[in-house]
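Shown next, in structure tokens, is the structure this report addresses.
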Amino acid sequence: MSRDLIEHGLPWSWRAERVARAIAAANINVVVVRGQTSIDAFGIMEYWDDDAHLVLFAVRPACQRKGLGRAVLHWLERSAQAAGSQRIRVEARRENLAARNFYNDHGYHEIAIKPRMYSGVGDGIQLAKYLRAAAPGEV
């Protein structure tokens, strides 16, 4: 799914070995929603100090607009809150209006454009959602 829905037109980097390393990592959550014959959705969230980074997120096209993506995203957000994260960061391709709108609809704000972020050919949009205010003394 990553190759077809996220990495299309780019070098394929999220192969099985990389996903297996993510599953085994202590600071990463991987959630998978499996249908009867295929994976319908997945998300990979990495945790660093006060930040969580939604590294990869996809919903099979046939399952989109049915609440599955929202459910997976909310599960990952609750996990980030439980881990003590102050914010969640995510990136989307600049031309991927559906993804950008999805994140905007769920409280993420576009904070920066990263030119040529995707393999030097596609611009990225960085988004963030704050889960809690910074405590006194936090940056």
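Of all the residues in segment 90-112, those that are surrounded by fewer than 18 Cβ atoms within 10 Å (Cβ to Cβ), modelled with pLDDT under 95 and in contact with a helix residue (DSSP H, G or I) (Cβ under 7 Å, 6 or more places away or on another chain) number 0.
Kindly provide the set of residues from segment 113-131 that are of a type in the set (A, V, I, L, M, F, W, C) and surrounded by 12 or more Cβ atoms within 10 Å (Cβ to Cβ), ordered by number.
Keep residues of segment 113-131 that are of a type in the set (A, V, I, L, M, F, W, C), which gives 113, 117, 121, 125, 127-128, 131.
Across segment 113-131, the qualifying residues are Met117, Ile125, Leu127, Ala128, Leu131.
Contact annotation: residue pairs with Cβ atoms under 9 Å, 6 or more positions apart or on different chains, pairing a residue in segment 12-29 that is on the phi < 0 side of the Ramachandran plot and of a type in the set (A, V, I, L, M) with a partner that is surrounded by 12 or more Cβ atoms within 10 Å (Cβ to Cβ) and modelled with pLDDT under 90, are Val19/Ser2; Ala22/Trp14. Under the condition of being of a type in the set (A, V, I, L, M), in contact with a strand residue (DSSP E or B) (Cβ under 7 Å, 6 or more places away or on another chain) and over 14 Å from Val33 (Cα atoms), the residues counted in segment 57-88 number 3.
The residue that is surrounded by the most Cβ atoms within 10 Å (Cβ to Cβ), among those in segment 30-39 that are out of contact with any Lys or Arg (no Cβ under 7 Å at 6 or more places or on another chain) and either in contact (Cβ under 8 Å) with a residue 60 or more places away in the chain or not in a strand (DSSP E or B) (or both), is Gly35. Listed by first and then second residue, the pairs linking a residue in segment 122-136 that is closer than 13 Å to Gln86 by Cβ and modelled with pLDDT of 85 or more to a residue that is crowded, with 16+ Cβ neighbours inside 10 Å and among the hydroxyl-bearing types (Ser, Thr, Tyr), with Cβ atoms under 8 Å apart and 6 or more places separating them unless they lie on different chains, are Ala128/Tyr108; Lys129/Tyr103; Lys129/Tyr108; Leu131/Ser85. Of the residues making up segment 40-61, one or more are without any contact (Cβ under 8 Å) to a residue 60 or more places away in the chain and in a helix (DSSP H, G or I). Looking only at residues in segment 77-89 that are among the basic types (Lys, Arg) and free of Cβ contacts under 8 Å to residues at least 40 places away in the same chain, the one that is surrounded by the fewest Cβ atoms within 10 Å (Cβ to Cβ) is Arg78. So, in segment 1-29, of the ones that are surrounded by 14 or more Cβ atoms within 10 Å (Cβ to Cβ) and among the polar types (S, T, N, Q), which residue ends up modelled with the highest pLDDT? Looking at residues that are surrounded by 14 or more Cβ atoms within 10 Å (Cβ to Cβ) and among the polar types (S, T, N, Q), I get Asn29.
The values are calculated or read from the model by the stated rules, or taken from the named source; none is laboratory data. For clarity, every value in this text was computed on a predicted model and none was experimentally measured. Note that we place each Cβ from the backbone using ideal geometry, even for glycine, and neighbour counts take in every protein chain shown.
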